[in-house]
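A short worksheet on the structure shown next.
The values are calculated or read from the model by the stated rules, or taken from the named source; none is laboratory data. Owing to the predicted nature of the structure, the values given are computational and were not obtained by experimental measurement. Cβ sites come from the backbone with ideal geometry, for glycine too, and all protein chains shown count toward neighbours. Protein only, heavy atoms only, side chains kept; ligands, DNA and RNA dropped before computing areas. Shrake-Rupley method; radii C 1.70, N 1.55, O 1.52, S 1.80 Å.
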Amino acid sequence: MTVDFTLPAALEAHEPPEARGRTRDGVRLLVSRRAAGEVSHHAFRDLPGLLDPGDLLVVNTSATLPAAVRLDRISVHFSTPVPGADDRLWLVELRRLAGKTSRPYAGGSPGEWIPMPGGATLTLVGRHGHRARGESDRLWQARLSTDVGPYLRRHGTPIRYGYVHRDWPASAYQTVFAHDRSSGGAEMPSAARPFTPELVTRLVSRGVLIAPITLHTGVASPEAHEPPYAERYTVPEPTAALVGHVRAQGRRVIAVGTTAVRALETAVDAAGGVRASSGWTEHVVTPEGGVRAVDGLLTGLHEPRSSHLMMLTAIAGRDLLTATYEAALAERYLWHEFGDLNLILPG
């Protein structure tokens with residue numbers, strides 16, 4: 001059982017903080033401490049003073065693809081390649097355009113082809129998931145007539161949902177840690193968005209360590225709040241070794257974003273250590289399974305009934321997470337990818 005609440009529309013961040021007259025690191029930061037069972041309120045730029053020398057931040061270096069291609073009546077959201085396939089067979093979601101927003105589109109049939117901008121064609125191969133087995137079938141396996149990555153960079157736009165009222169440039173969806181922009185995920189690893197080069201410099205000067213992982217996210221399910229599908233990830237050897245060293249020294253490993261948690265927990269071996277690893281992960285963190293690789297988490301504020309709340313419950317515990325979200329609602333923190341942040345610490 002996870003935290004449930006009602007999110008007022010007024011607490012949805014409709015645009016980047018820069019459009020509200022703030023800098024990227026000018027958002028707010030709600031800190032939750034497990035040992036004390038308390039929450040406190042800060043600015044995100046206070047982060048260096050909230051961490052200790054020797055703490056390790058694990059960040060996701062995935063870039064954000066312009067993964068939405070809009071047609072006259074529908075939008076195609078490209079999620080991830082089909083595991084084991086070439087770069088033209090992807091999982092996609094079809095969404096019906098309705099003014100400034102979109103909703104899941106239930107139409108389509110296997111073999112149907114969809115004319116795309118630039119002369120390309122998208123062919124629906126089959127539903128991904130089976131309702132008879134209790135699985136969602138909102139995604140299609142679909143083949144584009146050209147390589148998807150280069151096509152999206154020419155014709156795509158960043159995915160946005162109805163609470164974001166207008167398009168923003170692709171740069172608004174890239175984090176300071178985004179590495180290889182020739183590949184990436186369908187949606188931004190948004191917990192890292194408030195970091196700036198200046199803030200990273202202050203963290204390093206403080207003695208806080210920073211190490212990379214990569215996890216390319218698929219499309220979210222804002223209506224159904226489903227657990228994520230299989231996603232591509234890499235935990236490099238230097239990061240795995242540094243996690244082990246930091247934990248051996250009694251310091252804290254703090255994941256920046258739920259994607260970093262998912263990658264690290266996938267790479268945990270039978271003895272509880274993190275090992276270099278790459279491939280596709282279907283790992284879902286739950287309160288029952290817990291976490292073994294991370295001590296804390298920096299994350300955004302998640303929607304009611306979101307599957308991410310299971311992960312947060314595993315890290316914070318239900319009572320502290322309930323207190324955190326009650327405080328966020330009472331103090332009018334902002335939700336979603338352009339909103340405020342929550343730092344969960346062990347003590």
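Quick check on this structure: which one of ARG154, ARG127 is open to solvent by 60 Å² or more (accessible area, probe 1.4 Å), at pLDDT below 95, charged (D, E, K, R) and not in a loop (DSSP other than H, G, I, E, B)?
Exactly one residue qualifies, and that residue is ARG127.
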TODO: Among the candidates VAL208, VAL204, VAL176, VAL148, single out the residue that is closer than 30 Å to ASP55 by Cα and open to solvent by less than 40 Å² (accessible area, probe 1.4 Å).
DONE: VAL208
Open item on the list: For segment 4-60, give me each residue that is among the β-branched types (Val, Ile, Thr), open to solvent by 10 Å² or more (accessible area, probe 1.4 Å) and under 26 Å from THR286 (Cβ atoms).
Closed with: THR6, VAL39
TODO: Return a yes/no flag: does segment 65-74 have any residue that is buried (at least 22 other Cβ atoms within 10 Å of the Cβ) and closer than 30 Å to THR201 by Cα.
DONE: yes
Open item on the list: Can you go through THR201, THR157 and tell me which one is out of contact with any Cys (no Cβ under 8 Å at 6 or more places or on another chain) and without any contact (Cβ under 8 Å) to a residue 40 or more places away in the chain?
Closed with: THR201
Task: Answer residue from segment 79-108, given it is within 23 Å of the chain's Cα centre (by Cα) and among the acidic types (Asp, Glu) and is modelled with the lowest pLDDT among those - done: ASP87
Task: Among the candidates VAL261, VAL284, VAL294, residue that is part of a loop (DSSP other than H, G, I, E, B), of a type outside the set (Gly, Ala, Ser) and crowded, with 20+ Cβ neighbours inside 10 Å - done: VAL294
Open item on the list: Among (1) modelled with pLDDT of 95 or more; (2) touching a Ser or Thr at 6+ places or on another chain (Cβ under 6 Å); (3) within 30 Å of PRO117 (Cβ to Cβ); (4) not acidic (Asp, Glu), there is one condition LEU65 misses while meeting the rest; what is its number?
Closed with: (2)
Task: Selected residue [open to solvent by 40 Å² or more (accessible area, probe 1.4 Å) and assigned to a helix (DSSP H, G or I)] from ALA270, ALA241 - done: ALA241
Task: Some residue of segment 308-331 being farther than 24 Å from SER40 by Cβ, open to solvent by less than 10 Å² (accessible area, probe 1.4 Å), small (Gly, Ala, Ser) and at pLDDT 95 or above - done: no
Open item on the list: Return the residues of segment 242-275 that are under 12 Å from ALA211 (Cβ atoms) and either touching a Gly at 6+ places or on another chain (Cβ under 7 Å) or in contact (Cβ under 8 Å) with a residue 24 or more places away in the chain (or both); say none if nothing qualifies.
Closed with: LEU242, VAL243, GLY244, VAL246, VAL253, ILE254, ALA255, VAL256, ALA260, ALA263, LEU264, VAL274
